[in-house]
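These notes are about the structure you will find just below.
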Amino acid sequence: MKAYGAEFFGTFWLVLGGCGSAVLAAAFPQVGIGLLGVSLAFGLTVLTMAYAIGHISGCHLNPAVSVGLWAGGRFPASQLVPYIAAQVLGAVAAGAVLYVIASGAVGFDAAKGFASNGFGAHSPGKYTLVAALVCEVVMTMFFLIVILGATDKRAPAGFAPIAIGLCLTLIHLISIPVTNTSVNPARSTGVALFAGGWAVEQLWAFWVAPIVGALLGAGAYRFIGSDER
């Protein structure tokens, strides 16, 4: 239960910190943090929580990561469902807190996006569904390769959170224009439920693509990271 609680609070922090920076601070008049700031915010949430709760739950914060770690032989199947449930609940709770804060501003309208992920007309750069799916699959695949590699027993100890946090920052720098960057079904769900409409209708893509990418990343690391030569 402590591990599930850690995943709840960790995912809460990721969504509040990452999506909160996008909703509240990205385009704030004159001092907006922009795409670079939002990318850093997502990376920093993972980095800080990895040090805070990594020793408690492994700090997955992401259903795709949990699935990828299972496929990579690092996580038991028996814990997949409760981990994913804790992550989604944490994301939704953070979405609710963010909604309460954001709705305190005049003219706020969650239907305009609320940091939700989308494709086609709802992609920041108007990218197609195919482009969005390919982007999410590839980004999540490499995210899992970095996670599995950085946490390998042969890797330098203590540096995994830095590598993983910077990897997520880089992923956002690449893919925010395409999908607003998911690579995390819980993160997508946590804000889509409050945006409603198109965000919920397109949510399926941000469950399917990250999980496919995670499975591919796990397979790739099992190949390149094997002790067998």
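Sorted largest first, the spans of the alpha carbon positions of segment 1-61 along the three principal axes are 44, 15, 12 Å. Counting only the Cα atoms, the chain fills a convex hull of 112 Å³ per residue.
Rg/Rh for segment 126-215 (Cα atoms only, Rh after Kirkwood) is 1.03. Ordering 147, 178, 137 by the projection of their Cα atoms onto the charge dipole of the chain, which places +1 on the Cβ of Lys and Arg and -1 on the Cβ of Asp and Glu, puts 147 at the extreme positive end.
For a paramagnetic label modelled on residue 80 (point 7 Å from Cα along Cα→Cβ), amide N atoms under 19 Å away belong, within segment 198-229, to 204-223. Ordered by 1.4 Å accessible area with all protein chains kept, 223, 75 run largest first as 223, 75.
Defining a contact as two alpha carbons under 8 Å apart and six or more residues distant in sequence, what relative contact order in percent does the chain show?
On the way: 389 pairs, mean separation 68.7, N = 229.
Averaging sequence separation for qualifying contacts and normalising by length gives 30 percent for the chain.
Per atom type, the chain shows carbon and sulfur on 73% of its accessible surface, probed at 1.4 Å.
Highest first, please rank the peptides 150-159, 196-205, 128-137 by the mean number of other Cβ atoms sitting within 10 Å of their residues. Write out the running numbers ahead of the final one.
On the way: 150-159: 11.2, 196-205: 16.6, 128-137: 18.5.
Averaged packing, sorted descending, gives the order 128-137, 196-205, 150-159.
Spin-label model, residue 51/residue 226: points 7 Å from Cα along the beta carbon direction are separated by 3.7 nm. Divide the volume of the convex hull around the Cα atoms of segment 1-123 by the residue count and you get 126 Å³ per residue. Think of a 1.4 Å ball rolled over the protein heavy atoms: the chain then has 45 Å² of accessible area per residue. Each residue of segment 199-209 was assigned a 3J(HN,Hα) from its phi angle through the Karplus expression (A = 6.51, B = -1.76, C = 1.60, θ = phi - 60°), giving 5, 6, 4, 9, 4, 3, 5, 9, 9, 5, 5 Hz with x at Gly and Pro.
Reachable lysines from residue 112, Cα under 18 Å, same-chain residues fewer than 8 places away excluded? The reachable lysines, counting only those whose Cα sits under 18 Å from residue 112, are 126. Farthest towards the positive end of the charge dipole of the chain, among the residues 59, 103, 115, is the Cα of 59, using unit charges on the Cβ of Lys, Arg, Asp and Glu. Counting only Cβ charges, +1 for Lys and Arg and -1 for Asp and Glu, the dipole size of the chain around its Cα centre is about 220 debye.
Taken one residue at a time, the phi angles of segment 174-190 give Karplus couplings (6.51, -1.76, 1.60, θ = phi - 60°) of 7, 10, 3, x, 8, 10, 6, 6, 9, 6, 7, x, 5, 4, 5, 5, x Hz. Gly and Pro are set to x. Helix 80-102 and the long axis of the chain differ in direction by around 30°, with both axes built from C-alpha atoms.
The values are calculated or read from the model by the stated rules, or taken from the named source; none is laboratory data. Since this is a predicted model, take the numbers as computed values, not measurements. Here the Cβ is made from the backbone with ideal geometry for all residues, glycine too, and neighbour counts use every protein chain on show. SASA here: full protein model, heavy atoms, side chains in, ligands and nucleic acids out. Shrake-Rupley method; radii C 1.70, N 1.55, O 1.52, S 1.80 Å.
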